[in-house]
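**Q** If you scroll down you'll find the structure; I have some questions about it.
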Amino acid sequence: MKLKKLATVSVAAIMAASPVMADLVFPSLSYRTGAYAAGGIPFADGYADYFTLLNQRDGGIGGVPTRVIECETAYNTEKGVECYESTKGEGALVYQPLSTGITYQLIPKATADGIPIHSMGYGRTSAANGDVFSNVFNYPGNYWHAASGIINYLLDENNGDLNGKNIALVYHNSAYGKEPIRTLEELSAKHGFNLTLLAVDHPGQEQKSQWLQIRRERPDNVIMWGWGVMNPTAINEAINIRYPMEDFIGVWWSGSENDVVAAGAGADGYKAITFHNVGSDFPVFDDIQQYVVEAGLAAGAGDQIGTVLYNRGLYAAMLAAEAAKTAQEIHGVADITAAMMRDGMEALEISEEKMAALGMPNFGPAFTVTCENHGGPGLGAIQQWDAESQTWSLITDFMEPDMDVIQPLIDADSAAFAAENNIEPQC
Amino acid sequence: MSADFLNLLEVAINGLMAGVLYSLVALGFVLIFKASGVFNYAQGVMALFAAQTLVGIQTGQVPFAHLINAIFGTEVHYFGWNVPALLAILFTVLVMILFAWIVVKVILVRLVGQEPIILFMATIGLAYFMEGFGDMMWNSEVKRLDVGIPSGGSFWIEDVTVQWAAEGERYFGMYVDVLDIWATVIAVALVASLAAFAQYTKPGRAMRAVADDPTAALSVGISLNKIWIMVWSLAGFVAIVAGIMWGAKSGVQFSLSLIALKALPVLMLGGFTSISGAIVGGLIIGVGEKLFEYLIGVPFLGGATENWFAYVLALIFLVFRPQGLFGEKIIERV
C-alpha cells in the first residue's frame, strides 16, 4: 500500500515538474450562416474533421493535441477581424481567413502580431512574394495562377493556338472578381485572343444582360469568376441560351456542387480549375469514417464529406498540420509558437510520398515553399461535372501556369506594397 | 430590319420580362402595406422560406433533420417519398397560412396602435428569425427547384424572328426565356385575381376598408385580426410564386431573400399602396435598367450598372411624384 502511494506521489511530482503541453490551436474563421453559408459549411467541416482525425488517430501532432476554435464571420469582414482579435490570444498558430476582404484586413495585423496567414487560393495574390509578405502564404495557388491555368488548358484544347479566338470573362463586380483581368489582358496580348469583360453586380441573381451579350457575340469560351448565387445563376443562364457547357470554365470558387446541382442535367460538362483533387476515393476518408464519423465527432451534420469544398477544407487542414510538423522538426519542440509555425510554413515540402503516407495520394500538387516564394508553383487541374452521377472528376493532371507572365505582375504589385509600407526584404 | 434594332428590341422585351419578376416581389410588399401600413422587411425572406418549404415537401426532406439527429443520435434526412409539384405547392400554401396566423397572433396583435417604425422593426426581427429558422428546418444547401415549368430560350420565337433580320446581318433570332413567359402569364393572372378579389368579394372589400380607415372598419364590425391573417396569407402566396420563379433560375438558397432589393426601386417608383403601381413600376424598372446597361452601361461604363441605375430611375420619378406613380398623396393637416 505504502509502495503504491509512493508511486502515485512520484508520478504526480514528475508530471508537475514537466513542462505543460498546451494544445496546438488552429482558429477556423468559418461562415455557417448568411448568404454564403452553403459554401462555408463544407469547408469548415473539412477543416475541423481533419484535426479531429489527427487527435483521435494519432493523438494530435507530434503528441500534442490540436484544438480548432471556430468563430463565425458570416463572410463579413468586420466580424472576421473581431474573430481574429478574440482568438489570437488563445495561442493561435495560423489563420485561414476564408475571405479576400478579411485577408486584406488581417495582413498588417497578423504581421505585427507575428501570426502567419494562409489564404489558400484567395486573398492578396502578390502575397506570393515572401520577400515582402513575411507572414502571409497563399500556396499552392492564387488567382493569377488560376487565370493562367485556364488559358493554358484552352491552349492545349486548341493545339497551342488561341490567336483570333474570342474569350469572355463573366466576373463578380468586386475586387475579387476583377483579380484575373490584368493577367488575362497580358495573356490576351501574348496569345492573340480577344477578351470581352462582362461584370455582374452583387449578388448576381440578375445576369440576363450579360448572357444576352454572350448569345449575340458567341465567344469560343466563357470563363467565370463568381461566388455564391452568381455561379448557379450563370450556369442556368448559359443552359438557357444553349451555350456549350464544355466551353464554360470557372475558377475554383465557381466549381462546387452548390454551383451545378441547382441547374440539373443541363450543367453536365461544366468545367472548373482546381488546386486539389475531388471525390472521396482516398484512404484518408476511410479513417475519417472510422475515427470521426462513427465516433460521432463529425463537424456539422457530417453530410458534406467528399464534396469539393469539404475536400478544400480538409486539404487546408492537412497543409496546416504538415507545416506544424515541419515547425516541430525545425525547432525540436512539440509545443510550437506562431513564429515557429511561420518557419514551418516557409520550409513546407509536400511530396507525393508524403501525401500517399497521409492517405491522400495525388490529392494536390507536390510543391515546396521557400522564403522568396510563399505562393507555391500554382499548379491547377481541370475538373468536370457529370450531372448523371452527380460527381466531379479531374480530366487533366496538375498543370503549370505561365510564370513568365505572372511573376512580373507579382513582383510589381508586391514592390508597390513594400514601398507604401516601408518593408525591407526579408530573404 | 437591322440586327442592331432587333437586338435593342430583344433587350427591351427581356427587360419587360425581368420587370414582371420584380413586380411579383413588389406585390407582396404592397399587399401588406395597403392593409396594415407595415413595410414588411421580411417579404424577401418569406419568398426564401416558401421556396425552401416547397422543395423540402416535394423531395420528402425531414424538417429539422440536423437538430433531430444531433439530439437523438439518429441519421434521418429524407422520408423517401416525392410529392407531386401541385400537391407540394398546396401544402406550402397551408404552411404560409399557418405562418401568417402565427405572425399576426404573436407579433402584430401585440403591437396594435404602435408607431409604423416599431412595426417595421418587428418585421426586421422577423426576417432574421426566419432566415435562421428556415436554415434550421430545411438546411442551407443550394437546392434545385423544379415544379415542371419549362425554361430556356424559345425555339419558336427564335425561328420566327431570325427571318426579320435583313439579309447578310449576323443575327441568331430573338431570345425570350420560356420561364419568363410563364412568369408573365402567372403574374397577370395573379394581379387580375387580386384585383377581382379586392373589388368583388366580401373579404376583399373588408380588406380595402381596413386599408382606408382601420378605426372605421373596426367600428362596423370588421375583424382586424382576420383581415391581417388574410393579407399576410396572400403575401405568403405571392412569396411562393416569387420564390418559384426566382428559385427556378438560381436554385433555392439564401440569396433568394435578397430579391427584396429588386423590389425597393419598384416600390419607390410605383408607390407602396398600388397593385397596378407595382406592376407598371416593375416594367419601367426592368426595361429602364436593361436598356441603360445595353446602350450606355456596357459601351461606356464597364457594365454592371443595373442595380444602381434602378435606384437612380426611381429617384428621378420620386423627385416629380414623391408618392410614386400610382401612390396616394398623403396630406396631413397640422
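**Q** Take residue B:186 and decide whether it is away from chain A (no Cβ under 14 Å) and closer than 29 Å to residue A:263 by Cβ.
**A** yes
**Q** Does the stretch A:148-169 include one or more residues that are within 22 Å of the chain's Cα centre (by Cα), at pLDDT 95 or above, outside any helix (DSSP H, G or I) and in the same structural domain as residue A:216 (by TED's automatic domain parsing)?
**A** The answer is yes; a qualifying residue exists.
**Q** Next up: Considering only the stretch B:174-213, state which residues are under 30 Å from residue B:164 (Cα atoms) and in contact with a helix residue (DSSP H, G or I) (Cβ under 7 Å, 6 or more places away or on another chain).
**A** Result: B:174, B:175, B:176, B:177, B:179, B:180, B:183, B:184, B:186, B:187.
**Q** Which residue is surrounded by the fewest Cβ atoms within 10 Å (Cβ to Cβ), if the candidates are limited to the stretch B:24-49 and must be modelled with pLDDT under 90 and among the small types (Gly, Ala, Ser)?
**A** Out of the qualifying residues, it is B:37.
**Q** Tell me which helices (runs of 4 or more DSSP H) are completely within the stretch A:33-119 and hold 3 or more residues being of a type in the set (A, V, I, L, M, F, W, C), or say none if there are none.
**A** It comes to A:37-53, A:100-113.
**Q** Any idea which of B:325, B:283 is within 22 Å of the chain's Cα centre (by Cα), at negative phi, more than 14 Å from chain A (Cβ to nearest Cβ) and at pLDDT 90 or above?
**A** B:283
**Q** Could you list, in sequence order, the residues of the stretch A:393-423 that are closer than 27 Å to residue A:273 by Cβ, part of a helix (DSSP H, G or I) and open to solvent by 60 Å² or more (accessible area, probe 1.4 Å)?
**A** A:403, A:404, A:407, A:408, A:411, A:412
**Q** Does the stretch A:303-320 hold any residues that are within 13 Å of chain B (Cβ to nearest Cβ) and either open to solvent by less than 10 Å² (accessible area, probe 1.4 Å) or out of contact with any Gly (no Cβ under 9 Å at 6 or more places or on another chain) (or both), and which are they?
**A** A:303, A:308, A:309, A:310
**Q** Just wondering, is there one or more residues in the stretch B:60-74 that are in a loop (DSSP other than H, G, I, E, B), free of Cβ contacts under 8 Å to residues at least 24 places away in the same chain, under 21 Å from residue B:130 (Cα atoms) and of a type in the set (Val, Ile, Thr)?
**A** Yes; the residues of the stretch B:60-74 include at least one that is in a loop (DSSP other than H, G, I, E, B), free of Cβ contacts under 8 Å to residues at least 24 places away in the same chain, under 21 Å from residue B:130 (Cα atoms) and of a type in the set (Val, Ile, Thr).
**Q** Taking the residues in the stretch A:255-274 that are crowded, with 24+ Cβ neighbours inside 10 Å and among the hydrophobic types (A, V, I, L, M, F, W, C) as candidates, determine which candidate is nearest to the other protein chains (Cβ to nearest Cβ).
**A** Taking the candidates together, the pick is A:262.
**Q** Same structure, new question: Name every residue in the stretch B:144-170 that is facing chain A (nearest Cβ under 9 Å) and either at pLDDT below 90 or farther than 13 Å from residue B:10 by Cβ (or both), in order of residue number.
**A** B:144, B:145, B:146, B:151, B:152, B:170
**Q** The conditions are (1) closer than 30 Å to residue A:236 by Cα; (2) out of contact with any strand residue (DSSP E or B) (no Cβ under 6 Å at 6 or more places or on another chain), and residue B:210 fails exactly one of them. Which is it?
**A** (1)
**Q** Can you find, within the stretch A:178-212, the residue that is farthest from residue B:288 (Cα to Cα) among those that are free of Cβ contacts under 8 Å to residues at least 24 places away in the same chain and more than 14 Å from every other protein chain (Cβ to nearest Cβ)?
**A** A:189
Quick grid of which residues meet (1) of a type in the set (Asp, Glu); (2) in contact (Cβ under 8 Å) with a residue 24 or more places away in the chain; (3) within 14 Å of chain A (Cβ to nearest Cβ); (4) touching a His at 6+ places or on another chain (Cβ under 7 Å):
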| residue | (1), (2), (3), (4) |
| --- | --- |
| B:12 | no, yes, yes, no |
| B:22 | no, yes, yes, no |
| B:30 | no, yes, no, no |
| B:35 | no, yes, no, no |
| B:55 | no, yes, yes, no |
| B:81 | no, no, no, no |
| B:93 | no, yes, no, no |
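**Q** Restricting to the stretch A:328-342, name every residue that is open to solvent by 20 Å² or more (accessible area, probe 1.4 Å), closer than 21 Å to residue A:133 by Cα and either touching a Pro at 6+ places or on another chain (Cβ under 9 Å) or not in a helix (DSSP H, G or I) (or both).
**A** A:337, A:339, A:342
**Q** Are there any pairs with C-beta distances below 6 angstrom linking a residue in the stretch B:295-317 that is under 23 Å from residue B:258 (Cβ atoms) to a residue that is β-branched (Val, Ile, Thr), with the two at least 6 apart or on different chains, and if so which?
**A** B:297/B:305; B:310/B:285
The values are calculated or read from the model by the stated rules, or taken from the named source; none is laboratory data. Bear in mind that the values here come from a model prediction, so they are computed numbers and not experimental data. For neighbour counting, all protein chains shown are included, and Cβ atoms are generated from backbone atoms with ideal geometry for every residue, glycine included. Accessible surface is based on the protein model in full, side chains and every heavy atom, while ligands, DNA and RNA are left aside. Shrake-Rupley method; radii C 1.70, N 1.55, O 1.52, S 1.80 Å.
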